[in-house]
Structure formats: C-alpha cells, structure tokens
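Beneath this line is the structure, given in structure tokens, with notes to follow.
Since every read-out is calculated from the coordinates, none of them should be taken as a lab result. Predicted, not measured: the structure shown is a model, and the values here were computed from it. Neighbour counts are summed over all protein chains in view; Cβ atoms, including those assigned to glycine, are modelled from backbone coordinates with ideal geometry.
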Amino acid sequence: MTFEDWMRLRGLSDKSISNYAGTIKGPLSAWAMEAKLTDGPLTALRSEAALKAVTVGIQRLPNFLQRNETGKQMYSAALAQFAKYLADGHSGDVEEDIDQILSDPGLDATERLNLVKSRIGQGVFRQRVLAHWKVCAVTGFKDTNLLVASHIKPWRDCNSKERLEGFNGLLLTPNLDKAFDSGLITFSPAGPITLSPQLTEPEKLGISADMRVSLHAQHQPFMEFHRSVVFRAH
C-alpha cells in the first residue's frame with residue numbers, strides 16, 4: 001500500500017495527502033540526501049526506526065527549520081505521518097532483526113547462524129519449508145530458486161524454535177510473499193484466500209480471490225495467529 005493510499009484510508013483530506021506525500025518525496029528527501037543523511041529518498045526506508053534516525057538530522061537542517069516555521073509545521077506533520085505509515089506497514093525490517101540476533105547473549109554461535117540464515121530466507125528454515133511444499137503453496141510454480149520461504153507467524157513474534165519450524169512457513173512467489181507478510185492477504189482454515197480491503201489492484205500483482213492453499217493441521221496455529229494479528233481486516 002502506498003503512502004497516499006494509507007493516508008486516504010485514514011480519512012485525510014486530498015489536500016493533506018498531496019502536501020504530505022509531495023513533501024516526503026520532494027524537499028525532505030532532497031535535503032536528507034544533500035546532507036548525506038541517506039543515500040536515497042525517504043521512501044526507500046523500510047522501518048520507523050530507520051526514519052527516526054534520519055529525522056533527527058533533518059530537523060536540525062536550516063532549510064527544514066525555516067520552511068517548517070513558515071509552513072506552519074507542515075514538514076513536521078509530514079514526517080510524523082510517514083513514521084506512522086512505516087510503523088503500520090513495514091515493521092518486518094530484516095536488518096533490525098539480524099542486529100537483535102547478533103546482540104542476544106543467550107544464543108551460541110550455531111544458533112545465531114541458523115537464525116540469521118532463517119531470517120534472510122536460507123538455511124534450516126528454508127530447507128524444511130521446501131521439503132514440505134516443494135512448489136509454491138498457492139500457485140504450484142515449480143522453480144524454487146524464485147520462491148520465498150515465508151514465515152506465517154512473523155519473525156518478530158516468534159521464539160527461537162518457532163523461527164526455525166517448517167510448519168510455520170509457506171513457499172510463495174515473491175508477490176504473494178510480500179502481500180502475505182504485509183497482512184494484505186491471509187488464508188482461512190479450509191484454505192481459501194482472503195483479501196484485505198487495503199490491497200489495491202490485486203489483479204496487477206497476479207492475486208485473485210479464487211486462490212487457495214492446502215494447510216496441514218500443524219500449520220493451523222500459526223495461520224490463526226496470522227489471521228488474528230497480522231491480517232489487515234479493515
């Protein structure tokens with residue numbers, strides 16, 4: 001879901017949507033890059049924490065201080081809205097999760113290696129997911145080199161055992177993986193797909209309402225968590 005769509009869903013006016021989106025993509029991104037706070041536009045950031053680190057620097061820039069004052073705090077408001085958007089839709093930040101693993105004193109070297117590989121879609125977890133599904137769990141696509149081992153119960157909500165549990169995974173094409181991980185699709189206990197009202201133009205992603213998956217009993221607790229916690233039902 002785009003930043004604009006997210007704001008529209010939350011009832012912001014067309015004028016506010018245009019102002020905030022234009023500010024984030026335009027001057028704020030330009031100032032951040034010119035000051036070497038980022039190597040790309042703010043829209044390339046994937047987590048609230050990453051934006052927060054950049055925001056501290058942006059708010060000290062002379063351009064920001066001047067324009068924010070004359071613009072009645074519009075630039076601050078744009079950053080605040082964008083932070084909420086990232087927190088709402090892009091919380092599964094891989095780098096932050098890996099940093100957490102590496103700094104966990106309760107893990108030995110082997111556990112750290114297995115968990116890092118799992119988080120980036122390799123290692124034991126991927127092997128177990130491939131062993132069960134063999135092809136895309138939804139479409140039947142066979143080239144596993146292009147498929148993603150996707151956690152059903154998100155990484156951030158799992159304990160170490162769940163993060164490596166094969167039944168906590170679906171083998172998906174990248175488009176389905178991203179939609180599933182973002183809570184824009186889920187699956188009922190019997191298998192049919194459910195589309196979130198926040199998923200705009202699903203057909204352009206190759207996602208249709210007649211898709212389904214065949215779940216094993218051991219998948220069900222993880223999928224129930226996904227439906228109740230991750231899925232964007234409204």
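Observations
- Contact order normalised by residue count of the chain, Cα under 8 Å, 6+ apart, percent: 14
- Listed residue (Ala149, Ala190, His226) projecting farthest to the positive dipole end of segment 121-230, Cβ model: Ala149
- Relative to the 2.2 N^0.38 Å rule of thumb, segment 121-230 has a C-alpha radius of gyration ratio of 0.97.
- Among Asn168, Gly71, Ala32 - extreme Cα towards positive end, dipole of the chain, charges at beta-carbon: Gly71
- Its Cα centre serving as origin, the chain has a Cβ charge dipole (Lys and Arg +1, Asp and Glu -1) of approximately 180 debye.
- Inter-probe distance in nm under a simple model that places probes 7 Å from Cα toward Cβ, at Gln73 and Gln59: 1.2
- Range in the chain, longest, excluding exposed trypsin sites (Lys or Arg not before Pro) [loop by DSSP; at most 13 other beta-carbon atoms within 10 Å]: 143-234
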